Amino acid sequence: MKRIIFTLAIITTFINLNAQESGICGMSTEDQALMAELYGHPKNIQANREDWVFIPVMFHLVSEGNGDGRINYGPILKNLARINKDYYGFKMRFYIYGFNELKNSQIYLSPSTSLNAIVANKDPNALNIFITENADTQGGGLGTTLGYYSPQGDYIIVRKQELTSATSTLSHEIGHFFTLKHTFYGWEANPWNEAEHTNHVTLINAPGTNIPVEIMQRTNCSIAADGFCDTPPDYNFGITSNGCNYTYQVYDSNDDLIIPQKNNFMSYFNDCSTYVFTDEQTQAMKNSFYGDQRDFLRREYVPDTTMISTTIQFTNPTAGSTVPTYNAVTIEWNPVDGATDYLLEITGNGKMTTYFSSEPSIFITDLSPNITYIVLLIPFNDGIPNYVTKVTQFKTGTEVSKVNDINFVNDFELYPVPATQGNNVSIQFNSSKYIDSSIKILDILGNIVTSNGFRINAGVNNYLLNTTSLAKGIYFIRIEAENKILTKKLIIQ
């Protein structure tokens, strides 16, 4: 799937069957006002809701500077399937534009203080989602911040726990990206409480703001709160409610009982069995997609939306078996209908390693001897319409295979590592013989990016590789000679 870029430096319109995680969104009243100022509600567009739209997403897997803490790829694929279910009813499809493994301790631990660094790592052609350890916005006071949309930088931050728990936080923040405000807009910093506001709210504006308090009769719905008339009043009742159980008896200034929409994606009610967007919300998001501010998302490309078959069968090694070698192991499985690529998460010896393959097999050379490994296989395509997995396990032996060695070559090194885009990379090694070979550059999925003939000289060899045409990312340099190969990882940043 060559379109995926891997870099270093997924009436009510749709019902979602998973509950939201407790916590808050980091978008303040002021942030949402700025969002409206910068991106607005392009209501004059009135996009056709019957047309499918396709949104490219760049996932930034942020870690500490030494690489620790980065989220695994599996939860990202699972959450992209979740998002696509949440947005399916009004024909918005999100697809993988790329993955960026980003080592940056400040972004990882304190993204709210890292605006410039985050913007510098954005991809200009996609919706950018940065997955970090924390998402706190320094506001404090109301609970743990699960994620937020930054109108200043036009990106989404989400803490990795939200993806590993498969909550609806990303669907909420994507709503903000496409201009939706909270249903309780204006009450973020000062949610309703009986002691301060009583059970008869006569305020004209939300506390400390000039945002009109919405009433049940909807006579001011177009100018109050989130500006939608099919989302009823909500004075941020969810922040203090017990999950999805709303038990307050609160009346508006007309003495009408407030009945909020607890299961709206843009509310703060937790643990509802279903979550929804309303008609007006979905129309606004579709309009936003077609607005001038989002023209960078629109392209001719249509992602693969084929449903992935749930039938997955490993063929080698046999489950529970022991393979004789440990440095040359082939894992094979039957092709999975609908899948264009495969993710393998192989766990053993106290660590987990991720591999990608565009074929229903993979050859692995970096396992340890006498270890039981658990293999999680996730077939996928870039549109991620559904998420299925298969698990097997095997044990490595103690034999060493020489199948991957070019025995007349030694001291095979790349310099510098990592490399900077546009600068030459030196491929250095010593050879005991003179022979014709080939040198190939492969992307992380195993696709051949370039392939050239290459003459190995007896003695010291120094091959300069120009990286100008290579996008930032992870690649593999492969030298092939006499039906044998040597491989080194190359990182362009």
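A few comments on the model shown:
Residues checked against (1) farther than 20 Å from Thr169 by Cα; (2) among the basic types (Lys, Arg):
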{"position": "Phe237", "(1), (2)": "no, no"}
{"position": "Asn242", "(1), (2)": "no, no"}
{"position": "Tyr246", "(1), (2)": "yes, no"}
{"position": "Lys262", "(1), (2)": "no, yes"}
{"position": "Phe269", "(1), (2)": "no, no"}
{"position": "Val276", "(1), (2)": "no, no"}
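- Applying the criterion of being of a type in the set (A, V, I, L, M, F, W, C) and touching a helix residue (DSSP H, G or I) at 6+ places or on another chain (Cβ under 7 Å) to the residues of segment 212-233, the residue that is surrounded by the fewest Cβ atoms within 10 Å (Cβ to Cβ) is Cys229.
- Answer residue from segment 248-273, given it is among the acidic types (Asp, Glu) and modelled with pLDDT of 95 or more and is least open to solvent (accessible area, probe 1.4 Å) among those: Asp252
- Here Gln152 does not fit the description of being farther than 19 Å from Asp271 by Cα, open to solvent by 20 Å² or more (accessible area, probe 1.4 Å) and at pLDDT below 90.
- Qualifying residues in segment 72-98 (those that are among the basic types (Lys, Arg) and part of a helix (DSSP H, G or I)) - the one surrounded by the most Cβ atoms within 10 Å (Cβ to Cβ): Arg82
- Residue within segment 420-438 that is surrounded by fewer than 14 Cβ atoms within 10 Å (Cβ to Cβ) and among the aliphatic types (A, V, I, L, M) present: no
- Residue count for segment 154-166 satisfying the condition of being in a loop (DSSP other than H, G, I, E, B) and within 13 Å of the chain's Cα centre (by Cα): 1.
- Within segment 234-247, at least one residue is open to solvent by 30 Å² or more (accessible area, probe 1.4 Å) and touching a strand residue (DSSP E or B) at 6+ places or on another chain (Cβ under 9 Å).
- Pairs, first closer than 20 Å to Asn125 by Cβ in segment 297-316, second open to solvent by less than 30 Å² (accessible area, probe 1.4 Å) and aromatic (Phe, Trp, Tyr), C-beta under 7 Å, six or more apart: Leu297/Phe289; Pro303/Tyr95
- Against the conditions (1) closer than 29 Å to Lys78 by Cβ; (2) open to solvent by 10 Å² or more (accessible area, probe 1.4 Å), Ile174 satisfies every one except (2).
- So Gly69, is it open to solvent by 10 Å² or more (accessible area, probe 1.4 Å) and either part of a helix (DSSP H, G or I) or not hydrophobic (A, V, I, L, M, F, W, C) (or both): yes
- Looking only at segment 324-356, and only at residues there that are modelled with pLDDT under 90 and in a strand (DSSP E or B), the one that is least open to solvent (accessible area, probe 1.4 Å): Val329
- When every residue of segment 55-65 is checked against the conditions, at least one turns out to be in a loop (DSSP other than H, G, I, E, B) and at pLDDT 85 or above.
A quick yes/no check of all residues on (1) at positive phi; (2) aliphatic (A, V, I, L, M); (3) surrounded by fewer than 19 Cβ atoms within 10 Å (Cβ to Cβ):
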site: Thr278; (1), (2), (3): no, no, no
site: Gln281; (1), (2), (3): no, no, no
site: Met285; (1), (2), (3): no, yes, no
site: Arg298; (1), (2), (3): no, no, yes
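- Condition met for Asn116 (open to solvent by 20 Å² or more (accessible area, probe 1.4 Å) and either in contact with a helix residue (DSSP H, G or I) (Cβ under 9 Å, 6 or more places away or on another chain) or assigned to a helix (DSSP H, G or I) (or both)): yes
- Qualifying residue in segment 231-238 (condition: under 20 Å from Met285 (Cα atoms), hydroxyl-bearing (Ser, Thr, Tyr) and out of contact with any His (no Cβ under 9 Å at 6 or more places or on another chain)): yes
- Every condition in (1) crowded, with 16+ Cβ neighbours inside 10 Å; (2) part of a helix (DSSP H, G or I) holds for Gln106 except the one numbered (1).
- Segment 363-387: number of residues that are open to solvent by 20 Å² or more (accessible area, probe 1.4 Å), touching a Gly at 6+ places or on another chain (Cβ under 9 Å) and part of a strand (DSSP E or B): 3
The values are calculated or read from the model by the stated rules, or taken from the named source; none is laboratory data. The model shown is predicted, which means the values in this text are computed figures rather than measured ones. Using ideal geometry, Cβ is built from the backbone for each residue, glycine included, and neighbour counts are taken over all protein chains shown. Keep in mind that these areas ignore ligands, DNA and RNA; they rest on the heavy atoms of the full protein, side chains included. Shrake-Rupley method; radii C 1.70, N 1.55, O 1.52, S 1.80 Å.
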